[in-house]
Amino acid sequence: MKLYIWALIDTVVAIPFILLIRDFGEENISTKNKIFAILVSALLCPVVNLFVKKPIFINLEKLLNIPTDPKNYPIYYILLTPFIVGITEEAIKIVPLLLPNFNRFLKHKESALSIGFLLGLGFGIGEAWYLAYRLAPSTLQYPFILLSGFGSERLMVIATHLSLTAFLTYGISKKKGFLYYLLVVVLHGFGDIFASLYQSGFLPSLIAGYCNLALSCLYFGTLIRLIQQLRKINSKPPSGEILFQRKEL
């Protein structure tokens, strides 16, 4: 129950991120479509984990004869798994774009970035709840406050997910979807490497956490800068009747 509370806190904190894309883009995204995008992408998290990633890793570990204990993983497997995760998750996060309801937002760069932002946000929130479900039985003995690391780490991951998916949909709108897909897979892999090294005993939790925080801030900061640049380039004229206009003498 304690992890569910942290997942709820992360959801409440993350939802206001939507204000960053309010009235942004040629195709305004209605509140209904925003909610729909978040819910659909949130449900995709357990789908990719249970039906895509799990079979891939089970078969790969059998093929390569990988030990079951992460602390005994060979270094090449530790470095490989984060990129497999990136390949699968970054692909499934844009599956909703096959729906006409969302596909139309790819016509303009600003709107494409906005829908990617929402899909990544939803996936990150869904992942927080999914992991809370998976990890809850093993954390019952810990006090609520000691599980704050889960809450802070999930919030960083939410920011990473929404940033990377926004970059990808932005790239798709520029007709460079495959190149941007490769880029976000690499960026995703870099973000997960530190967690993989920690789980395998190669990095202490503090260093892994700070490295993830730095990357999350870098990705999210880059996204904010991109939004600001696009707003500046495509600034919308003020709405309503112009009552007074100054003339230069």
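The values are calculated or read from the model by the stated rules, or taken from the named source; none is laboratory data. What you are looking at is a predicted structure, and each value in this text was computed from that prediction instead of being measured. Please note: Cβ atoms are built from the backbone with ideal geometry, for glycine as well, and neighbour counts cover all protein chains shown. The accessibility values were calculated without ligands, DNA or RNA, using every heavy atom of the protein model including side chains. Shrake-Rupley method; radii C 1.70, N 1.55, O 1.52, S 1.80 Å.
Considering the range 190-230 alone, what residues qualify as being within 20 Å of the chain's Cα centre (by Cα), surrounded by fewer than 17 Cβ atoms within 10 Å (Cβ to Cβ) and small (G, A, S)?
A214, G221
Quick one: is K71 modelled with pLDDT under 95 and among the basic types (K, R)? I'd like the intermediate steps shown before the answer.
Numbers: modelled with pLDDT under 95: yes; among the basic types (K, R): yes.
It is true that K71 is modelled with pLDDT under 95 and among the basic types (K, R).
So the check is Cβ under 8 Å with 6+ separation or different chains; which pairs have a first residue in the range 67-86 that's in contact (Cβ under 8 Å) with a residue 40 or more places away in the chain and among the hydroxyl-bearing types (S, T, Y) and a second one that's open to solvent by 30 Å² or more (accessible area, probe 1.4 Å) and in a helix (DSSP H, G or I)?
These pairs meet every condition: T81/F57; T81/D192.
Name the single residue, out of those in the range 24-57 being charged (D, E, K, R) and without any contact (Cβ under 8 Å) to a residue 12 or more places away in the chain, that is least open to solvent (accessible area, probe 1.4 Å). Working first, answer last.
Of the range 24-57, the ones charged (D, E, K, R) are 26-27, 32, 34, 53-54.
So of that shortlist, the ones also without any contact (Cβ under 8 Å) to a residue 12 or more places away in the chain come out as 32, 54.
Working: K32: 164, K54: 109 Å².
Applying the filter and picking the extreme gives K54.
What single numbered condition from (1) open to solvent by less than 10 Å² (accessible area, probe 1.4 Å); (2) under 12 Å from E90 (Cβ atoms); (3) not polar (S, T, N, Q) fails to hold for I158?
Condition (2) is where I158 drops out.
If you scan the range 64-107, which residues turn out to be of a type in the set (A, V, I, L, M), assigned to a helix (DSSP H, G or I) and in contact with a Ser or Thr (Cβ under 8 Å, 6 or more places away or on another chain)? Reasoning before the result, please.
Going residue by residue through the range 64-107, those that are of a type in the set (A, V, I, L, M) are 64, 66, 75, 78-80, 84-85, 87, 91-92, 94-95, 97-99, 106.
Next, from what is left, pick out any that are assigned to a helix (DSSP H, G or I): 64, 75, 78-80, 84-85, 87, 91-92, 95, 97-98, 106.
If the condition is that a residue be of a type in the set (A, V, I, L, M), assigned to a helix (DSSP H, G or I) and in contact with a Ser or Thr (Cβ under 8 Å, 6 or more places away or on another chain), then I78, L79, L97, L106 are the ones that fit.
Of the numbered conditions (1) farther than 16 Å from M156 by Cα; (2) part of a helix (DSSP H, G or I); (3) of a type outside the set (S, T, N, Q), I15 satisfies every one except a single condition; which is it?
All conditions pass for I15, except number (1).
Taking only pairs six or more apart or across chains, which ones have beta-carbon atoms under 8 Å, a first residue in the range 126-151 that is in contact (Cβ under 8 Å) with a residue 40 or more places away in the chain, and a second residue that is open to solvent by 90 Å² or more (accessible area, probe 1.4 Å) and among the aliphatic types (A, V, I, L, M)?
These pairs meet every condition: G126/L43; A136/M1.
Any idea how many residues of the range 89-138 are under 26 Å from F57 (Cβ atoms), of a type in the set (G, A, S) and crowded, with 24+ Cβ neighbours inside 10 Å?
Of the residues in the range 89-138, 5 are under 26 Å from F57 (Cβ atoms), of a type in the set (G, A, S) and crowded, with 24+ Cβ neighbours inside 10 Å.
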